[in-house]
Amino acid sequence: MRYRQLGKTELRLSELSLGTVALGMPYGLGAETPGAGGAPPPTDSEAIALIHHAIERGLNFFDTARAYGRSEELLGRALRDRRHKALVATKVICCDKDGVALPGSELAEQLTRSLHKSLRLLGRDYVDLLLLHSASAEMLENSDAISELKRFQADGKARYIGASTYGTVAPQIAIAQGVDALQVAFNILDQRLAAEVFPRAKAAGTGIIARSVFLKGALSPRADFLPARLTALKAQSRAVKQAAAALSPPLTREAAALKFVLAHESIATALVGVRDIAELEASLTAARAPCWSDATIERFRRLRCHQADLLDPSAWGLP
């Protein structure tokens, strides 16, 4: 396993890290529930075995969130006797139950409640990285959310702080506000941040964690279960599959998706949302493959999607 520095922090992250949303709740695309409900999570014992296997294979960074169902609880149980081998990031909830950003003192109270519950479930006194969940440009500009995270940092509840963002505006605001790290969506189809955000982050020493490497399953065989209204996205995914198969040696669509993300030096780690050990091993095999040439990287850069609605899973009308 190769390790990369997270911006100016003291954290060295495995270049592959485990995202746990799919372990704690139904998520993504699946044959079992096409179009409704998401693919079901593994059993508790399977999820814990996967986390243990990830550690054995060199993964040292695990991403979770208060909003990820039971993932914090499962991660806490799995890491109970392995804390020294794992770096953990979680996210605090910034909105009310209707998804509306909370104002002033209400926000501070919500963030505090969210963090304290996360720490209890994780069985930790602090987290290595604390992120605002789905931090919008409006919330970052019009609230003291980042200041509240800095307060938690000063109190020893978080070693480093950051924000999980969407689009290109919010991450730039977060960088300007002095976060240590950003978690952002980046993949073959969604390359918007490469030109507008990555250079700013590098200049500021802000670490980048890439999520949505497989675009919620759209860059995997699960794309076959996309509904008819997303035929254009399915076609984009098939183009990636064909390009990956044409490589020498040929790669799967998922392997190409992962190699493309890891080809960007600005990214400290790529989160993989796998559900079982076999899927994790496939990602590890892809990561170990020889680095791509500039020509190969450019070939896949040309496969970017320019339809914003296709790049936003929340606009798909799926869980």
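The values are calculated or read from the model by the stated rules, or taken from the named source; none is laboratory data. From a predicted model like this one, the values you see are computed outputs, not experimental measurements. Note that each Cβ is placed from the backbone with ideal geometry, even for glycine, and that neighbours are counted across all protein chains shown.
Working carefully through the options 102, 107, 59, 79, find the one that is surrounded by fewer than 19 Cβ atoms within 10 Å (Cβ to Cβ), touching a strand residue (DSSP E or B) at 6+ places or on another chain (Cβ under 8 Å) and either free of Cβ contacts under 8 Å to residues at least 40 places away in the same chain or farther than 14 Å from residue 158 by Cα (or both).
Values: 107 fails: surrounded by fewer than 19 Cβ atoms within 10 Å (Cβ to Cβ); 59 fails: surrounded by fewer than 19 Cβ atoms within 10 Å (Cβ to Cβ); 79 fails: surrounded by fewer than 19 Cβ atoms within 10 Å (Cβ to Cβ).
Every option except 102 fails the conditions.
Scanning region 241-285 for residues that are closer than 14 Å to residue 299 by Cα, within 15 Å of the chain's Cα centre (by Cα) and not small (Gly, Ala, Ser) returns a single hit, 261. Just one of the numbered conditions (1) within 28 Å of residue 111 (Cβ to Cβ); (2) in contact with a Pro (Cβ under 9 Å, 6 or more places away or on another chain); (3) of a type outside the set (A, V, I, L, M) is not true of residue 171: (2). Restricting 244, 268, 308, 287 to those that are loosely packed, with under 15 Cβ neighbours inside 10 Å and either touching a residue at least 40 places away in the same chain (Cβ under 8 Å) or hydrophobic (A, V, I, L, M, F, W, C) (or both) reduces the list to 308. For region 44-92, the tally of residues that are of a type in the set (S, T, N, Q), in a loop (DSSP other than H, G, I, E, B) and closer than 23 Å to residue 112 by Cβ stands at 1.
Pairs linking a residue in region 136-159 that is surrounded by fewer than 16 Cβ atoms within 10 Å (Cβ to Cβ) to a residue that is not in a helix (DSSP H, G or I), with Cβ atoms under 6 Å and 6 or more positions apart or on different chains, are 156/126. Scanning region 254-304 for residues that are outside any helix (DSSP H, G or I) and aliphatic (A, V, I, L, M) turns up 263, 267, 268, 270, 271, 272, 274, 289, 303.
For the condition over 25 Å from residue 23 (Cβ atoms) and of a type in the set (Ser, Thr, Tyr), what is the one hit in 118, 143, 164?
On the way: 118 fails: over 25 Å from residue 23 (Cβ atoms); 164 fails: over 25 Å from residue 23 (Cβ atoms).
Going through 118, 143, 164 in turn, the sole match is 143.
The residues in region 82-99 that are at pLDDT below 95 and touching a strand residue (DSSP E or B) at 6+ places or on another chain (Cβ under 6 Å) can be counted, and the count is 2. Checked against (1) within 30 Å of residue 302 (Cα to Cα); (2) free of Cβ contacts under 8 Å to residues at least 60 places away in the same chain; (3) in contact with a strand residue (DSSP E or B) (Cβ under 6 Å, 6 or more places away or on another chain), residue 170 meets all criteria but (3).
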